[in-house]
Amino acid sequence: MGAEEKDLRDFKLQPMKCELNFLSKSDGSAILSQGDTVALVSVNGPLDIKSTSQSIEKSTLEILFCSKGGKPSVADRYKENVIRQTCEKAVLGCLYPRTGITITIQELEDFGGFLSCALNCACLALLNSGVSLRHVFACVTCGVDEKGEVVLGGRGCDTQISCVFDSIDKTLITCFSEGTYSEGTYLEAVARCRAASELVFAFYRDVVSKYSNAI
Amino acid sequence: MRDVFLSNCEKNFIQKIVSEGHVSKNENVYFYKVFVIYLIIFFFNIFQRLDGRNYNESRRLDISFGSEYGSCVVSLGETKVLAQVSCEVTQPKQIRPNEGILYINVEISPMAAPQFEANRQTDLTVYLNRLLEKCYKDSKCIDLESLCIVVEEKVWSLRVDIKILNHAGNLIECASIATLTSLAHFKRPDVTRSGDSVIIHTIAEKDPIPTVLYHYPVCVTFAIFGNDILLSDPSFTEESVCTSSTEEGINTAGGLLVIGMNQYKELCLLDLTGAALYNSNIVHKAIINAADRSKTIVDLVKKNIVSDDTSRQKRVKINFSDIITEDHLLSLSQKDLSIRLKTYNVDDMRTKHENMDEDEDIDVKPEPSKYDGNEVFFILLLAVARDFARVDYYLSILQELCIFPG
């Protein structure tokens, strides 16, 4: 299901490959590779959860991040937090009060930019599960090289800025970064990422159109 | 989410399917009757399980490797398990100062099935962990002494992390194959000692060393139904039916039999859950089956590791992104269906599907649905009805053949 690799290469995004319904027991699941980084996400829900974590007005999102080997760490909690905040904005939770939606992320390969891969994969899994969404979202990473120029993809750069956009107004929902950069660089990075996010949305459409007429 | 239990109706259905296709030895039948029945089984192959497999047939086994040494995804039908081996230098245990340490850690996240909760140990997790430890630690298949660096000070500790990705039955077999494959695939960094200091070389500096395995044990699972029927590689429903009690009056003797065996057909582990067995013959039968099965599994594992090694030497990039295919696009074109009919063919379905669409176009315009699965499901129902008719036909032939000569 590779996206039109030529387009992606022009924008210097890593080639993406995706498979939906990878797991038979989950309500929705997706496996996505961006370059060499691979993430697997499963979505279950809305399902009944214990009463202490129920909310009367919206469904509770439970995010679980599993690293490939070893014990869970603080860095994993940070990633869970970023994904939770992004998904809470996108999922139309008020339709499913007093329920829970579980999103489980499994790391398969990490060659940099795992969080952005996991976010895109989570979005595809949510689409696949049929949970109502306000909008879909796409995460694009760019790096800042030594000369202070913004490069899309940005593998191997010390400074990396990742932006998540919604599909309707292309507004910035989440942004996380590593390293130091100037204000001007940041604005340029956001603009570049916004332009590149179109490609990711086109990729989503490509993947989903294989089995469905409408999102 | 709480466990989803099988209904009595479902249980009886599965029980019936399994027991009807079986020629009981307790029945007083003439030799040629049995012969005729076996002949029919041979020609028509009608005694099958719900998913179209014979009693002694396993699902498709697939092994794919990740970019690191000792990481693999093993899929047995729809059951999927991720295994990763990691190593670190630690102090050895006091009672065994010259031996390395092997940890096996099984995790079942909500990814496997919705009823599992995050970060909570269930009975199943503990059971799996214990079985794998019995099979791999207690059978002494790994040369732990070769993991020693400095006696009483430094040894390698290997840690196998098993993550269940999808629980569709027979987790034990799948997890054990994953453990075996990842251990056999794993290579640890080379170490040189100069005086008191120990240098651990990176993979770029010196070729890593593979783990030494004396033998390759594998756990094979059988579901026992009605105390005399063995099903190899049980699916999720078959597993839950055979371990649960059914309505009164129906034979409740059933359970799961796990047999750990290596490629030399030596037993490493025997484990029975469920009701007690009436006779020991079934265990013998299971062991004979397990011997063949474990041999094929170990051969496949070895073959996969060798081919992975040669492609790594040719500097081919191996990555988990290779497991992304289009297999799961349409649920009906899956290789392993939970219900499969003998007469089923994907292409048949497709042509029918098209005809169906045309018919529907005349009557009503179909609404654009999220999943275009409704029509397909309808066809499946039709096919089920059609196939049942054929089963009746087969059964009538069978009865005629059995009764008239007798």
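Relative contact order, whole percent, for region A:3-212 stands at 20, derived from Cα pairs under 8 Å and 6 or more residues apart. Once you have all Cα-Cα distances for region A:3-212, histogram them in 10 Å bins from zero and send the whole-percent values. All Cα pairs considered, the percentages come to 9, 35, 37, 16, 3, 0.
Highest GNM mean-square fluctuation among A:Y96, A:Y204, A:Y78, for chain A modelled with Cα contacts below 10 Å: A:Y78.
For region A:3-212, the fraction of 1.4 Å probe accessible surface lying on carbon and sulfur atoms is 50 percent. Positive end of the dipole of region A:27-107 (Cβ unit charges, origin at the Cα centre): among A:S67, A:S51, A:V41, the Cα lying farthest that way belongs to A:S51.
Taking each residue as 0.36 nm, the span from B:N54 to B:R96 lengthens on full extension beyond its C-alpha to C-alpha distance by 10.4 nm. Between B and A, buried accessible area from a 1.4 angstrom probe totals roughly 3700 Å², ignoring ligands, DNA and RNA.
For region B:207-298, the dipole from Cβ point charges (+1 on Lys and Arg, -1 on Asp and Glu) about the Cα centre works out to 320 debye, to the nearest 20. Bridge orientation summary for chain A: considering DSSP beta bridges with both residues in this region, about 85 percent are antiparallel. For region B:138-182, accessible area lost to neighbouring protein chains reaches 30 Å² or more, against the chain alone with a 1.4 Å probe, at B:R159, B:K163, B:L165, B:N166. The mean accessible area for residues of region A:3-212, using a 1.4 Å probe and ignoring ligands and nucleic acids, is 41 Å² per residue. Partner shielding of A:35-48 amounts to 4, given as the average count of beta-carbon atoms from other chains within 10 Å of each residue beta-carbon.
The modelled label-to-label distance between A:D145 and A:S182, using points 7 Å beyond Cα along the C-beta direction, is 1.8 nm. Taking Cα centre as origin and charging only the Cβ of basic (Lys, Arg, +1) and acidic (Asp, Glu, -1) residues, the dipole magnitude of region A:3-212 rounds to 560 debye. The charge dipole of region B:60-198, taken about the Cα centre with unit charges on the Cβ atoms of Lys, Arg (+1) and Asp, Glu (-1), comes to about 100 debye, rounded to the nearest 20.
The values are calculated or read from the model by the stated rules, or taken from the named source; none is laboratory data. Computed from a predicted model, the values in this text were never measured in an experiment. Ideal geometry is used to build each Cβ from the backbone, glycine not excepted, and the neighbour counts take in all protein chains shown. Heavy atoms of the whole protein, side chains included, go into the accessibility calculation; ligands, DNA and RNA do not. Shrake-Rupley method; radii C 1.70, N 1.55, O 1.52, S 1.80 Å.
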